[in-house]
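Q: Below are the structure tokens for one structure; questions will follow.
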Amino acid sequence: MRYIKEHIMFILPMMAILLGIEFYLVFDRMTSSYESALRDGYSMLAITQKEMKTEDFKKLNSEISQSTRIDKSEIVKQISSNQSQKDTEDIIKALPYFYTLKLSTYVDIDSIESIKKSLLKSNDIKRVETFGDSYYSKYRLFSFIKFTLKIFIFFMVLVSLFLVIKQMEVWGYKHRQRIQVMEIFGAPLMLRSGVLFKVALTDAFTATLFIVIFFAYLRFLWAGSSGVNIMIEQKDLLFQFNDVVILLTSAILIVIISVYSVVLGIKESEE
Amino acid sequence: MANVIHAENLSLSYDQGKKKIIQNAKFTVKRGEFVFITGRSGSGKSTLLKSFYGNLKPTEGSLMVGGLEMTTIPRRKLQELRTHIGIIFQDYKLINEWNVAKNVVLPLMIAGFSLDVQKTQAQRLLKHVKLSNYANRFPLELSGGEQQRVGVARALAKNPLMILADEPTGNLDDYSSSVIWDLLENACLQLETTVLVVTHKIPTVFSLPYRHFTIEDGGVYEIH
């Protein structure tokens, strides 16, 4: 019972830290995907006096990734259905050029205003419409969710780190005598840390395994049958092979730091 | 005979020089000698012993142990030196979660000997200290005298250059004490190991010739 308790005292906080890391990875992938969708769904409208290419817009502002000219005849068709062919052609000639502009990144509302200003500096551009209101509300909501989740993950990892530090104190107390005696007899750091490494690495691998199994279950078994659209569509983002490497590396790094802190913190004598 | 320890104007202190324990000590200990260090409680006997295995660095003067200057010895060299020193403590300092055999072969484990060698040596050493049947027991299952015999066996495990014993019989009855003195005498006689013992009282029955240092008011004096 004591043996299990000793292991659980390190496995649980380690699992919480790894859970925080995995949540962050999943959340980062989800938000990147959502940002791309928002970015792709957003466009500005530019009205120009002469025909312009994407490169011309990019020269004015590097955030512009793509420009598409709106066919003027389509616009005229809707507003001049009773006009003669010649009148229609005259209207088309008189009309300026219309472009929808896509952005390369997901930017905030201030950046959109600054893009608009930089475009209007050109004499060839008469007007720019940014459709800021709907974009702004989506951006604010999205930023708020992103911020609160990051805060939650941060505190989750922080509390877990305190639990790990607590466990380090227990290790220090339990292994003090052995480490001191070994040091007196000339054991190098690696040998003095050996037993503790064995214990901590076993716990770290166990914690990693639990987290990997949990997220693999979410991706391969739960997501598909969850009935939640976003989960079904984005289930590939829930867990990826790279995550195992990241989790394992993080766990090993925590073990190395914890064990060396304990062993180096134990002084040979109390004087 | 070669010098194992050579001290020249040696001073030792705690609290970064504020609490002076030993001052201007000058002495030499040669290979194969048996040395008693006596003195009142708090006189600095254990402190002096600690300086021999690098637990305390000299604040002034020079201290050579096994040909190495202890004032400037690097960490790695100190670890290497310690593998040639057997240390015995009044409170035994055995590792309680290890069995007796594993405790005894700790110096061999540190030196990287194979498990087979460790096993053979554990049997030999435990036979030597008359604890052959105790290999799989744990220290807390043994009496004080038995634990100290394990401590002696551990100190002898690697045929050390010297043995440092800090009040090795301080917690033992007369019979157990005599067993420990016999073991230390044999180590000195048969293995030519230098033995330095810090003690309150030199045993009345002691067959080997020995040197006797005493510590008084921070000075180390030899009694002839």
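Q: Evaluate the following for A:Val128: is it part of a loop (DSSP other than H, G, I, E, B), at pLDDT 75 or above and either within 24 Å of A:Ser33 (Cβ to Cβ) or of a type outside the set (S, T, N, Q) (or both)?
A: Here the answer is no, as A:Val128 does not meet what is asked.
Residues are listed down the side, and each one gets a yes or a no for (1) of a type outside the set (Ser, Thr, Tyr); (2) within 14 Å of another protein chain (Cβ to nearest Cβ); (3) in contact (Cβ under 8 Å) with a residue 24 or more places away in the chain:
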residue	(1), (2), (3)
A:Phe142	yes, no, yes
A:Leu149	yes, no, yes
A:Phe152	yes, no, no
A:Val157	yes, no, yes
A:Gln167	yes, no, yes
A:Gly172	yes, no, yes
A:His175	yes, yes, yes
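Q: Let me ask something else about it. Go through (1) over 26 Å from B:Arg154 (Cβ atoms); (2) loosely packed, with under 15 Cβ neighbours inside 10 Å; (3) within 13 Å of chain A (Cβ to nearest Cβ) for B:Ser13 and report which single condition fails.
A: (2)
Q: Starting from residues that are closer than 30 Å to A:Lys166 by Cβ and aromatic (Phe, Trp, Tyr), keep the ones in region A:1-60 and report whichever is surrounded by the most Cβ atoms within 10 Å (Cβ to Cβ).
A: Looking at the filtered set, the residue picked out is A:Phe10.
Q: Just a yes or no: is a residue in region B:141-150 among the basic types (Lys, Arg) and farther than 20 Å from B:Pro203 by Cβ?
A: no
Q: How do the pairs read when you match residues in region B:58-87 that are within 24 Å of B:Ala153 (Cβ to Cβ) with residues anywhere that are assigned to a helix (DSSP H, G or I) and basic (Lys, Arg), using Cβ under 8 Å and keeping only pairs 6 or more apart or on different chains?
A: Sorted first by the residue in region B:58-87, then by its partner, the pairs are B:Gly86/B:Arg154.
Q: One residue is enough: does region A:149-165 have a residue meeting the conditions closer than 16 Å to A:Gly265 by Cβ and either buried (at least 19 other Cβ atoms within 10 Å of the Cβ) or under 35 Å from the mean Cα position of the chain (by Cα) (or both)?
A: Yes, because at least one residue in region A:149-165 is closer than 16 Å to A:Gly265 by Cβ and either buried (at least 19 other Cβ atoms within 10 Å of the Cβ) or under 35 Å from the mean Cα position of the chain (by Cα) (or both).
Q: Are there any helices (runs of 4 or more DSSP H) wholly within region A:199-271 with 2 or more residues that are under 25 Å from A:Leu12 (Cβ atoms), and if so which?
A: Answer list for region A:199-271: A:241-265.
Q: Of the residues A:Phe197, A:Phe215, which single one is under 21 Å from B:Arg75 (Cβ atoms) and away from every other protein chain (no Cβ under 14 Å)?
A: A:Phe197
Q: Same structure, new question: Need a quick list: strands (runs of 3 or more DSSP E) entirely within region B:145-224 having at least 3 residues that are in contact with an Asp or Glu (Cβ under 9 Å, 6 or more places away or on another chain). Steps first, answer last, please.
A: Values: elements: B:162-166, B:194-198, B:211-216, B:219-223.
The strands (runs of 3 or more DSSP E) meeting that bar are B:194-198, B:211-216.
The values are calculated or read from the model by the stated rules, or taken from the named source; none is laboratory data. Just so you know, these numbers come straight off a predicted model, no measurement behind them. With ideal geometry, Cβ positions are generated from the backbone for all residues, glycine too; neighbour counts draw on all protein chains shown.
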